[in-house]
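Right, one structure below, let's go through it.
Rule-based calculations on the coordinates, nothing more; no lab input. Note that the structure is predicted; figures quoted are calculated from it, not measured. Every residue, glycine among them, receives a Cβ derived from its backbone with ideal geometry; neighbour counts consider all protein chains shown.
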Amino acid sequence: MELRGLVIQNRKKFVEDTFGQDAWQKVLDNLPQADRETIGDLILAAKWYPFELGERIDRTIVNVLGGGKEKVFEDIGAKSARQSLTKMHSSFLTPGDPQAFMKKLDVMYKFYYDTGRREYEQTGPTSGVMTTHDAKTFSASDCLTVIGYHKEALRMCGARNVEAVEEECRAKGGSCCRYRFKWDM
C-alpha cells in the first residue's frame, strides 16, 4: 500500500510548526538511510510513497520530538486536516453540514491511499460510524491520525464537542478499522 506525498508534506509542516524549523532534520536524522533517500530533497504531493515510510516517520516524530506521547498522532491528524482542507481539498468541506462532509469519505480516501476503501454510515443527526476496509497495510498510529483528521474536519464544518471512539482496529487484531463519531451543532 502507498500513500500520497501530501501526507508526508503535512507531517513535515506539523513538525516545523510544532517543534521548530530544525525539528524536521532531527526526524530525518533518526530515519534509516534508505528512508532519507526515498524522501529526497523534495516531497512531491502527488507522488506515491510506501505506507511503511509514513509509519516510520510518525513513530520517529513521537519518539524523538513528542516524548513518546501518542496524543501527538491525533495532533498530526488535526494539523493535516487544517492544511489539506483549507487548500487542495477545500471542496470536500461543507460548512454547516458535517454529515455531508462525512458522506464524501469514500472519495476522499482515494486521494490519500491507493488500496482499500472507507465507508460512512450516519447513525443519527449528529453521529455516525466510519469504517476502513481492505487496506493492505495498517497501523495503530495511522488510526490515531485518522481520528485527529476527522475530528478537526468535523469542527471545520461547524461541529462542536466532537468525540471519536475507535471501536475496532486491524493493528489490534480487528477485521477492519472502525470509528464512532458524535458531535453537537
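Annotations
- Relative contact order for the chain, counting Cα pairs under 8 Å that sit 6 or more residues apart, in percent: 22 percent
- Relative to the current alpha-carbon distance between residue 122 and residue 38, full extension at 0.36 nm per residue lengthens the span by 26.3 nm.
- Full extension of the chain between residue 163 and residue 104 yields a length gain of 19.3 nm, computed as 0.36 nm times the residue separation minus the alpha carbon distance.
- Each of 148, 93, 25 was placed along the dipole of region 1-149 (beta-carbon charges, centred on the mean Cα), and the one lying farthest toward the positive end is 93.
- In this Cβ point-charge picture (+1 for Lys and Arg, -1 for Asp and Glu), region 83-184 has a dipole of about 140 debye about its Cα centre.
- Ranking 3, 164, 14 by Cα position along the charge dipole of the chain, where only Lys, Arg, Asp and Glu carry charges on their C-beta atoms, puts 164 farthest toward the positive end.
- Simple point charges give the picture: +1 on the Cβ of Lys and Arg, -1 on the Cβ of Asp and Glu, and for the chain a dipole about the Cα centre of about 300 debye.
- Placing +1 on the Cβ of every Lys and Arg and -1 on the Cβ of every Asp and Glu, with no other charges, gives region 2-69 a dipole of roughly 160 debye about its Cα centre.
- Full extension of the chain between residue 136 and residue 114 yields a length gain of 7.0 nm, computed as 0.36 nm times the residue separation minus the alpha carbon distance.
- Amide H contacts for residue 127 (H built 1.01 Å from N in the peptide plane; partners 5 or more residues away or on another chain; cut-off under 5 Å): none found.
- For region 71-82, backbone phi angles converted through the Karplus equation (6.51, -1.76, 1.60; θ = phi - 60°) give residue-by-residue couplings of 4, 4, 4, 5, 4, 4, x, 5, 5, 4, 4, 4 Hz, Gly and Pro being listed as x.
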